[in-house]
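Here the structure is laid out as structure tokens; the discussion comes afterwards.
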Amino acid sequence: MSTKDFVEKDYYKVLGVPKDATEAEIKKAYRKLARENHPDANKGDASAEARFKEISEANDVIGDPKKRKEYDDARALFGNGGFRAGGPGGGSFNFDLGDLFGAPRAGGRRLRRRRHRGRLRRPVQPRRGAGTCTQRRRGQDIESEVTLSFTEAIEGATVPLRMSSQQPCTACSGTGDKNGTPRVCPTCVGTGQVSRGSGGGFSLTDPCVDCKGRGLIAETPCEVCKGSGRAKSSRTMQVRIPAGVSDNQKIRLRGKGAPGERGGPNGDLYVVVHVDDHPVFGRRDDNLTVTVPVSFSEAALGGEIKVPTLGGPAVTLKLPAGTLNGRTMRARGKGAVRKDGTRGDLLVTVEVAVPKELDDKAREALETFREATASEDPRAELFQAAKGA
Ligand SMILES: [Zn+2]
Ligand SMILES: [Zn+2]
């Protein structure tokens, strides 16, 4: 796995897990996808095979804590695929930071070489409200998760979400100081961040240790919050999950995170959605899938079959005469809800059912059928092809 692969491929997206997924979550997502896309279960399906390869590759990297850390670090530095080095086909990733800062940008703008001042900020840094201003502070982003039924995910749902978050301490109005008069932290001069040289000619920023990233130090710490200026609170919120979400999707609800401090904007709320399986219906992007048994005579003679839909009346599909087992037909507009409110399709796969028991009349009819088709050898082509190769 080259660094170039690390920068260009989003393995989290491949496995459909959030960036901070636990090892167990990654393992679970990998197993589920590997089962669905396994070559044995998708014979002759080249796209499933490619996908299976992709899934395995993603698991090799982010399923291994050591490789995952290298991967995360590489992407934090080079910005999730936004930066590419080397021409097409360049398998390795040799670069020099001088080139990095001197390279033309997509907009044609050329950045001046500034090896010693260049600053790469880690994307994992919490975003701040107003730069070095110590008064306004953006509220924290909160992450939560919710499990929906299959139908709720398709139709959308309003769910109660219990969240604990950091609020400004009421005793000291969030200043952290008993008297409400904190002083500016001398270490970071109120920015809440310190630069850390990494020896590569650029620096990274870390939260300031002395003031824990707040930019302020309490002279007489507030007794209630021990000088942090924050208090834990939990609240229950009704959250609207839009229609059409899929398993492991992360939804961002702007401004629904922790409240900002001293007039700063609220943080965002991220909700990771888990979706339960349905006993009958499956999901493929915007489409729903269902497998419908048909009798041999229906498949051979053709006819109309009734097919259940999710949450709606059954639809009638016309089965052409001579329909093969495994053939997939489409019921338009009976799938999952898309972003624009329209719906995908219901993909109906027919499965020819073989009767386990026959009564006398049915047996007689089938024996007559066998006699009528005795001259046709269903395996003639197979043996012909086997001989030819
Ligand atoms: Zn500080
Ligand atoms: Zn306090």
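No value in this document is a laboratory result; all are computed from the given coordinates. Predicted model only: the values in this text are computed from it and were never measured. Cβ coordinates were reconstructed from backbone atoms using ideal geometry, including for glycine residues, and neighbour counts include every protein chain displayed.
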Kindly provide the GluC sites (Glu not before Pro) of the range 339-384 that DSSP labels as loop, not H, G, I, E or B, and whose Cβ sees at most 16 other Cβ atoms within 10 Å. 357, 376
Check which residues have an amide H placed less than 5 Å from residue 319's amide H, if you skip close sequence neighbours. 303, 304, 305
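Compute, for the range 1-78, the length of the dipole vector about the Cα centre, with Cβ point charges of +1 (Lys, Arg) and -1 (Asp, Glu) only. Units Debye, rounded to 20.
On the way: 17 positive and 17 negative charges, 33 e Å.
Dipole of the range 1-78, to the nearest 20 debye: 160 debye.
On a 20 Å Cα-Cα criterion, which of the cross-link pairs 32/66; 19/232; 178/212; 13/69 come out too long? Before the final figure, lay out the partial values.
Values: 32/66 23 Å; 19/232 25 Å; 178/212 18 Å; 13/69 16 Å.
In this structure, 32/66; 19/232 lie more than 20 Å apart at Cα.
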Provide 212, 356 in ascending order of the number of other Cβ atoms located within 10 Å of each residue's Cβ, fewest first. 356, 212
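Taking 0.36 nm per residue of separation and subtracting the Cα-Cα distance, what length does fully extending residue 321 through residue 289 add?
On the way: separation 32, 0.36 × 32 = 11.52 nm, distance 2.23 nm.
Result for the pair: 9.3 nm of gain on full extension.
Where does each of 383, 369, 281 land when they are ranked from fewest to most other beta-carbon atoms within 10 angstrom? Write out the running numbers ahead of the final one.
Numbers: 383 10, 369 13, 281 20.
Listed from fewest to most nearby Cβ atoms, that is 383, 369, 281.
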Theoretical gain in end-to-end length, residue 19 to residue 170 [0.36 nm per residue, Cα-Cα removed]: 51.0 nm
Using a cut-off of 19 Å between alpha-carbon atoms, which aspartates and glutamates can reach residue 361, once sequence neighbours fewer than 8 places away in the same chain are excluded? 298, 371
For a label point 7 Å along the Cα-to-beta-carbon line of residue 147, residues of the range 8-40 with backbone N under 15 Å: 25, 28-29
Mind checking the full-extension length gain between residue 300 and residue 338? Use 0.36 nm per residue of separation minus the Cα-Cα distance, one decimal, nm. 10.1 nm
Go ahead and run the numbers for FRET between residue 358 and residue 251, Cβ-Cβ distance against an R0 of 56 Å, rounding to 0.05. 0.60
Mean separation of Cα contacts under 8 Å (6+ apart) over length of the range 282-388, as relative contact order %: 28 percent
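Once the Cβ-Cβ distance between residue 48 and residue 209 is put in as r, and R0 is 56 Å, what FRET efficiency do you end up with, to the nearest 0.05?
On the way: r = 50 Å, r/R0 = 0.89.
Given R0 = 56 Å and the Cβ-Cβ separation, E is 0.65.
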Principal axis dimensions, the range 1-78 - Cα atoms, whole angstrom, descending: 40, 26, 16
